[in-house]
Amino acid sequence: MGDVTTMTTTERTTGRPADRRRPELAAFLRNRRARVTPQDMGMPAGPRRRTPGLRREEVAQLSGVGVTWYTWLEQGRPINASPQVLDAVARTLRLDRPEREHLYHLAGVPFAPAHEDTGQPVSPQVQGILDAMAPLPAVVYNARFDLLATNAAYRSLFIVVPTPPPRIPNALRTLFLAPEGACPLVNREVELPVMVATLRSGYGRHVGEPAWEGFVHELAAASPFFAELWESGDVAPPGPRVKTFRCGRTATRLRMTSTSLSIDGMPECRIVVYSPADDITRAYLDHEKSRP
């Protein structure tokens with residue numbers, strides 16, 4: 001059985017893109033496998049090894065995949081690889097974020113950063129944009145509705161529960177666990193199902209990741225309403241919506257349109273801005289803007 005990794009330099013730099021990626025994938029996996037020792041993975045060193053690093057069968061076992069499948073992957077054969085399987089291999093080989101992204105590209109699979117990549121703090125420039133939007137409430141969410149940054153107008157309208165690091169404040173956790181009378185959403189039973197359906201659309205890119213699985217399990221255990229909505233399996237993409245809020249300070253009902261804006265360099269994150277949808281809300285925000 002021939003190994004495609006023995007192709008010549010000329011063969012590796014000609015032909016179709018997929019054909020050129022496969023030998024690069026094979027070389028990359030072999031190189032990274034050689035860097036990881038059994039001791040790194042909590043395994044005994046065993047007898048003297050002919051090659052450094054883990055054996056193919058050890059990578060397969062630690063990644064939860066078949067030995068033949070992993071062997072074919074490392075040989076650059078044209079087989080299908082799911083993001084979940086590539087993530088498992090990446091964890092075994094201790095790939096960092098750039099290496100993991102490189103693995104995806106070589107395998108011909110679209111790369112979606114893990115939750116930990118989207119929990120990064122926003123830049124001062126993005127925070128400045130949020131602050132300049134006052135009196136419009138504005139926030140930076142990731143796909144899990146973590147609050148990565150907010151402006152003062154958002155914090156005056158929503159409940160933002162201080163969270164000790166490394167945990168990040170989360171809009172869904174707050175809205176589902178707040179007493180019903182304290183929830184700023186007037187139509188809670190209408191809006192929360194849409195938010196959960198939007199969460200599930202992001203979850204599809206993170207199935208099996210501990211941060212996401214732990215979040216869903218924790219919220220389902222704490223909120224029967226969330227558990228019921230999650231079991232429905234509904235999916236919805238982020239998009240503009242008109243929402244009605246109850247201002248805690250004045251009890252004024254505010255109708256606002258949410259608009260999502262993407263952020264360069266922060267995949268799966270978005271700025272969400274709430275603008276007035278009626279004259280009462282517009283007048284309220286104008287009054288807030290004039291307050292000292």
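Overview of results
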read-out: Accessible area (Å², 1.4 Å probe, nearest 10) - Thr71; value: 30
read-out: Length added when fully stretched, Ser156-Arg20, from 0.36 nm per residue minus Cα-Cα; value: 43.5 nm
read-out: His217 - accessible surface, heavy atoms, 1.4 Å probe, Å² rounded to 10; value: 140
read-out: Projected label distance in nm at Ile280 and Ala211, using a 7 Å step from Cα toward the beta-carbon; value: 4.0
read-out: Cα centroid of segment 196-218 to Cα centroid of segment 228-292, whole Å; value: 23
read-out: Directionally averaged shadow of segment 173-236, computed from the convex hull of its alpha-carbon atoms, nm²; value: 4.1
read-out: Packing rank of 124-134, 55-65, where each peptide gets the mean count of other beta carbons within 10 Å, highest leading; value: 55-65, 124-134
read-out: Residue-span extension gain [Ser262 to Val186] - 0.36 nm each, minus C-alpha spacing; value: 24.7 nm
read-out: Accessible area of segment 143-234 belonging to carbon and sulfur atoms, whole % at 1.4 Å probe; value: 60
read-out: Global size of segment 170-292 as Cα Rg and Dmax, reported in angstrom; value: 16.2, 49
read-out: Length added when fully stretched, Glu231-Arg291, from 0.36 nm per residue minus Cα-Cα; value: 17.1 nm
read-out: Prolate/oblate/rounded call for segment 228-292, Cα gyration tensor, a/c under 1.5 rounded; value: oblate
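The values are calculated or read from the model by the stated rules, or taken from the named source; none is laboratory data. Small disclaimer: the values here were computed from a predicted structure and weren't measured. Heads up, the Cβs are rebuilt from the backbone with ideal geometry, glycines too, and the neighbour counts pull from every protein chain shown. In case anyone asks, the SASA skips ligands and DNA or RNA and just uses the protein heavy atoms, side chains included. Shrake-Rupley method; radii C 1.70, N 1.55, O 1.52, S 1.80 Å.
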